[in-house]
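Working notes, beginning with the structure itself.
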Amino acid sequence: MRPLQNPERPVRPLPGEPDCAYCDNMRFLVDATGALQPCEHCGVARQRKVRSLESFSSRSGTALTQFFGNFSVVDSDPRQSRVLELCKEAATDFAHVPEGQWLVIWGERGSGKSHLCAAVANHLIGAGTPALFITMPDLIAALKQAMELQSNTEQETYSGRLSLFKTAPVLILDDLGAETSSPWSDGVLFEILDYRYRNRIATMIASNVAPDRFDPRIASRMQDKAFCTVLQNSANDYRKRPLSDR
């Protein structure tokens, strides 16, 4: 890859960012096909993407402390322990190689799905990979806020925000089905997932609702065995387990 052509060299790095002679501080390189690629030598473009996604993230509070290492697979029922182990293994595999993969985990509340979503997000962001961990209610709220801003300021914030959710390198969508359903929200969900499906963009989904209960168009995309892994987490509610099992 070669640096972008910059007729006004030198470009000074922004405060706090490294001086990169490889990309001349342009932060992007042109590959053999003429496409722009983030400069991996300085990593600034990637870090900027990480920060831009974090502004919409639901990753806060307890989620910041949830990792694979502190995800409990202990249950008094050995069959449930095996279910938890399989879900953890699938989430770990996705976190290490998310590209082109979808992972769907569904089951009752309190079975550890949100912990695994947060663990995947913490792993990826810790490794410098742009990833967005967001609950479906927060995503809908963010789009509604953008609609209000757009009507008040005449800025095209809604389309830009929707595009961010559609194109995030890794989208970790928690609590799918927990939002109040409406024709508009169902349409938004389909638009996001359909775009990510058609472009094979890494996506993890956690839901209390079985995939078959969604709109057939969405259900079909979530269960495409060509690149989607679907697991039912049938483990007991973590909050109701004996303390010895936590």
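The values are calculated or read from the model by the stated rules, or taken from the named source; none is laboratory data. From a predicted model like this one, the values you see are computed outputs, not experimental measurements. Cβ coordinates were reconstructed from backbone atoms using ideal geometry, including for glycine residues, and neighbour counts include every protein chain displayed.
Can you tell me which residue in the range 160-196 is modelled with the highest pLDDT, limited to those that are under 10 Å from Leu139 (Cβ atoms) and in contact with a Pro (Cβ under 9 Å, 6 or more places away or on another chain)?
So, considering only residues that are under 10 Å from Leu139 (Cβ atoms) and in contact with a Pro (Cβ under 9 Å, 6 or more places away or on another chain), the one modelled with the highest pLDDT is Asp175.
Restricting to the range 63-80, name every residue that is assigned to a loop (DSSP other than H, G, I, E, B), within 20 Å of the chain's Cα centre (by Cα) and among the polar types (S, T, N, Q).
The one that is assigned to a loop (DSSP other than H, G, I, E, B), within 20 Å of the chain's Cα centre (by Cα) and among the polar types (S, T, N, Q): Gln66.
Let me spell it out: the conditions are (1) modelled with pLDDT of 95 or more; (2) crowded, with 20+ Cβ neighbours inside 10 Å; (3) not aliphatic (A, V, I, L, M), and Asn199 meets all of them except one. Which number is the exception?
Against the list (1) modelled with pLDDT of 95 or more; (2) crowded, with 20+ Cβ neighbours inside 10 Å; (3) not aliphatic (A, V, I, L, M), Asn199 comes up short only on (2).
Test Phe94 against the criterion of being part of a loop (DSSP other than H, G, I, E, B) and modelled with pLDDT of 85 or more, and give yes or no.
Here the answer is no, as Phe94 does not meet what is asked.
Quick grid of which residues meet (1) surrounded by fewer than 16 Cβ atoms within 10 Å (Cβ to Cβ); (2) touching a residue at least 24 places away in the same chain (Cβ under 8 Å):
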residue	(1), (2)
Thr157	no, no
Ala168	no, yes
Trp184	yes, no
Leu193	no, yes
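Which of the numbered conditions does Tyr22 fail, given that it passes all the others? Conditions: (1) in a loop (DSSP other than H, G, I, E, B); (2) surrounded by 15 or more Cβ atoms within 10 Å (Cβ to Cβ).
For Tyr22, the failing item is (2).
If a residue counts only when it is farther than 23 Å from Gly69 by Cβ and touching a strand residue (DSSP E or B) at 6+ places or on another chain (Cβ under 6 Å), which strands (runs of 3 or more DSSP E) contained entirely in the range 108-225 have at least 2 such residues?
Working: elements: 132-135, 170-176, 202-207.
Ranges flagged: 170-176, 202-207.
Yes or no: the range 151-159 includes at least one residue that is farther than 19 Å from Phe227 by Cβ and small (Gly, Ala, Ser).
Filtering the range 151-159 for residues farther than 19 Å from Phe227 by Cβ gives 151-159.
Now narrow it down to the ones that are small (Gly, Ala, Ser): 151, 159.
Taking every residue of the range 151-159 in turn, at least one turns out to be farther than 19 Å from Phe227 by Cβ and small (Gly, Ala, Ser).
How many residues does the range 99-122 contain that are in contact with a Phe, Trp or Tyr (Cβ under 7 Å, 6 or more places away or on another chain) and at pLDDT 90 or above?
Matching residues across the range 99-122 total 13.
If Leu84 meets every condition in (1) part of a loop (DSSP other than H, G, I, E, B); (2) in contact with a Phe, Trp or Tyr (Cβ under 9 Å, 6 or more places away or on another chain) apart from one, which number is that one?
All conditions pass for Leu84, except number (1).
Take the residues in the range 29-46 that are in a loop (DSSP other than H, G, I, E, B) and in contact with a strand residue (DSSP E or B) (Cβ under 7 Å, 6 or more places away or on another chain), then tell me which one is surrounded by the most Cβ atoms within 10 Å (Cβ to Cβ). First the steps, then the outcome.
First pass over the range 29-46, keeping only residues in a loop (DSSP other than H, G, I, E, B): 31-35, 39-43.
This time we only want the ones that are in contact with a strand residue (DSSP E or B) (Cβ under 7 Å, 6 or more places away or on another chain), so: 31, 39.
Values: Asp31: 11, Cys39: 22.
Among those that are in a loop (DSSP other than H, G, I, E, B) and in contact with a strand residue (DSSP E or B) (Cβ under 7 Å, 6 or more places away or on another chain), it is Cys39.
Exactly one of (1) within 19 Å of Ala202 (Cβ to Cβ); (2) loosely packed, with under 13 Cβ neighbours inside 10 Å is unmet by Pro78. Its number?
Every listed condition holds for Pro78 apart from (1).
Does at least one position in the range 48-62 carry a residue that is on the phi > 0 side of the Ramachandran plot, in a loop (DSSP other than H, G, I, E, B) and at pLDDT 80 or above? Break it down into steps so the answer makes sense when it comes.
Start the filter on the range 48-62 by keeping residues that are on the phi > 0 side of the Ramachandran plot, which leaves 61.
Retained after the next criterion (residues that are in a loop (DSSP other than H, G, I, E, B)): none.
No.
Specify the residue that is surrounded by the most Cβ atoms within 10 Å (Cβ to Cβ); the eligible residues are those in the range 81-92 that are of a type outside the set (A, V, I, L, M, F, W, C) and under 21 Å from the mean Cα position of the chain (by Cα). First the steps, then the outcome.
Let us first name the residues in the range 81-92 that are of a type outside the set (A, V, I, L, M, F, W, C), namely 81-82, 85, 88-89, 92.
Now restrict to residues that are under 21 Å from the mean Cα position of the chain (by Cα): 88-89, 92.
Details: Lys88: 19, Glu89: 13, Thr92: 15.
Out of the qualifying residues, it is Lys88.
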